[in-house]
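In what follows, a single structure is set out as structure tokens and then discussed.
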Amino acid sequence: MALPSNLLFVPVVIVGAGPTGVTAAILLAQYGVQCLVLDRWDDVYPQPRAVHLDDEVYRILDRLGVSEAFAAISRPARGLRLLDKRLNVLAEFQRDSAPSNQGFPQANMFDQPELESILRERMNRHPLVAFRGNVEVTDIQPAESGPTRVLFADRNTGTTHAVSAHFVLGCDGANSLVRSAIGAEMEDLGFEQRWLVIDVDTDADLGHWEGVHQVCDSTRAATYMRIGVTRHRWEFQLLDGEAVADFDTIERLMPLIAPWVADTAVDHLQLVRVTEYTFRAQLATQWRKGNAFILGDAAHLTPPFIGQGMGAGVRDAMNLTWKIAGALAGTLSPAVLDSYQQERKPHARSLIRLAVGIGWAMTGGGSIGDVVRRTVVPRLRLIPGLRARIAASRTPPLRRSGFVVKGHTRGRLAGTLSPNAVVGTQVRLNDLTGNRFALVTRAPVSTQDHTVLNRRGAVVVQAHPGSELERWLRRGHAAGAIVRPDMTVMSAGGSVSALCKRMPTFTPPLLPNHPAETAKPEGSR
């Protein structure tokens, strides 16, 4: 969408055009909501950062219409190996590269700038999204009621602009201005380590297993993974007194990476980037003030040991955008917005705690910890069910909220993700439901209930006997389930008629799941 020079109001302003902000923009546009995206830079940040996403986030990429493009730039990972400091394998936890019940491989490696370019291209094609780069957001003025005012300056000319919005989404990273504007602070969850992150490009075959390698060592913990056809990533815990300047060339890095590159000549290894990161575990005290919200790194920082940092922000966007669309359309009560923090904050906290636990398990305890790891880790496979739990990519269910209605029966599907099952021959559940509410049922639906569901904008999906959906409902001791636009089960139970009465009305001007190319006015971006 072209940005008029005299624009004074837009329904949603998104501060930050990283993966979280662009995901939010595309989703809002699919719900028929116009938005303006503001960012410091015109183009995608060129340096690699995140390198992993799971099948749940891959499913969100499919909702955005970019799953095929992502498949072309990513590679499934085979799982996780835990190594000692001599690179001997202590334990291995394999992941199946075939599609999971989410419809995609459980672990996927990629180069973040390539993914961001795909997302940005999708966003820029949508007529309801305006992007303004090379600007500095200078002030956010949240209001308890009425529009929120956003001030920003053009970084080239210094001219200032103001725009008002019903909603402001702060997707502006760890140093978030929006977080400060809503009065939130970051709660320290007790983890901070300095790590060296190295990206190397080479045509040489390094001959390693196609999964993630975690070196469990209290002195020099490390991670290695192949993230592309020629791209490799190493992460090493820095020792006291070490700095990135000590490792700024391939020659200086060789003492660290030599065991991994075997006899590969130095001139066959191209250093793409070496940098220092401080891995932290933090969670914002509040995620909202009025109609200003924070998402992604602005709301939570996760150590990278479980590869969920970027994915958590994408999940934030998936959770919040349909609620904003429903509130703007007037079909959902504004109270639906209260469920964003209620649902996402405990989920993020759970994943941060898991990452911290794995981080300490890799690095903590000194020499005694190393002895314990050598003794205990090889025996983890003997604990019933533990291997499957470590290899699984499934994240925790959402907590109870106004839109996660948990009953007292066995199964308890509410708050979990619905499977993206094949329905019929080739079509998956996502393709049938799009961005609407759905009733998935293994029981018949009366004509009267069909009429009610149609009026409320919902889709009915019949789970036929023996199908994956039918087995899922049966395991959950449910005749049917209400599935939200973010693919989460809102409610499940034995009475389909009762579920029909509980179905929300959700009828914003929904657009196709994968919007077609749309011509834009000359000069738009």
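The values are calculated or read from the model by the stated rules, or taken from the named source; none is laboratory data. Computed from a predicted structure; not experimentally measured. Methodologically, a virtual Cβ is constructed for each residue, glycine included, from the backbone with ideal geometry; neighbour enumeration extends over all protein chains shown. Please note that ligands, DNA and RNA were not included when accessible areas were found on the heavy atoms of the full protein model with its side chains. Shrake-Rupley method; radii C 1.70, N 1.55, O 1.52, S 1.80 Å.
When the stretch 256-301 is examined, which residues are found to be among the aromatic types (Phe, Trp, Tyr) and farther than 29 Å from HIS166 by Cβ?
Within the stretch 256-301, the subset among the aromatic types (Phe, Trp, Tyr) is 260, 277, 279, 287, 293.
Selection gives TRP260, TYR277, PHE279.
The selection criterion, being outside any loop (DSSP other than H, G, I, E, B), over 19 Å from PRO304 (Cα atoms) and either within 22 Å of the chain's Cα centre (by Cα) or in contact (Cβ under 8 Å) with a residue 40 or more places away in the chain (or both), does not hold for ALA184. When TRP234, TRP260, TRP209 are checked against the criterion of being hydrophobic (A, V, I, L, M, F, W, C), touching a strand residue (DSSP E or B) at 6+ places or on another chain (Cβ under 7 Å) and in a loop (DSSP other than H, G, I, E, B), a single residue qualifies: TRP209. So in the stretch 167-205, with the set limited to residues that are of a type in the set (Ser, Thr, Tyr) and open to solvent by less than 20 Å² (accessible area, probe 1.4 Å), which one is nearest to GLY313 (Cα to Cα)? Within the stretch 167-205, the match that is nearest to GLY313 (Cα to Cα) is SER176.
Residues in the stretch 127-155 that are among the hydrophobic types (A, V, I, L, M, F, W, C) and free of Cβ contacts under 8 Å to residues at least 24 places away in the same chain: LEU151, ALA153.
Scanning the stretch 231-274 for residues that are of a type outside the set (A, V, I, L, M), more than 19 Å from LEU87 (Cβ to Cβ) and open to solvent by 40 Å² or more (accessible area, probe 1.4 Å) turns up ARG231, ASP240, GLY241, ASP246, ASP248, THR249, GLU251, ARG252, ASP267, HIS268, GLN270.
Residue count for the stretch 275-299, restricted to those that are closer than 15 Å to GLY309 by Cα and open to solvent by 10 Å² or more (accessible area, probe 1.4 Å): 6.
From the residues in the stretch 187-205 that are among the acidic types (Asp, Glu) and in a strand (DSSP E or B), which one is modelled with the lowest pLDDT? This residue is GLU192. Identification of helices (runs of 4 or more DSSP H) wholly contained in the stretch 289-403 with 1 or more residues that are modelled with pLDDT of 95 or more and either over 14 Å from the mean Cα position of the chain (by Cα) or among the small types (Gly, Ala, Ser) (or both) yields 309-329, 338-363. Is there a residue being crowded, with 17+ Cβ neighbours inside 10 Å, over 23 Å from the mean Cα position of the chain (by Cα) and aromatic (Phe, Trp, Tyr) anywhere in the stretch 148-166? Yes, the stretch 148-166 has at least one match.
Matching residues to (1) among the charged types (D, E, K, R); (2) more than 30 Å from ASP96 (Cα to Cα):
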| site | (1), (2) |
| --- | --- |
| VAL13 | no, yes |
| THR23 | no, no |
| LEU27 | no, no |
| TYR45 | no, yes |
| ARG49 | yes, no |
| HIS52 | no, no |
| LEU61 | no, no |
| PHE70 | no, no |
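Within the stretch 38-83, can you find the residues that are among the acidic types (Asp, Glu) and either in contact (Cβ under 8 Å) with a residue 60 or more places away in the chain or at positive phi (or both)?
Residues satisfying the conditions are ASP39, ASP42, ASP43, ASP54, ASP55, GLU56, ASP62.
In the stretch 483-497, the residues that are on the phi > 0 side of the Ramachandran plot reach residues that are buried (at least 24 other Cβ atoms within 10 Å of the Cβ) and not aliphatic (A, V, I, L, M) with C-beta atoms within less than 6 angstrom, at least six apart or across chains, in these pairs: MET487/SER418.
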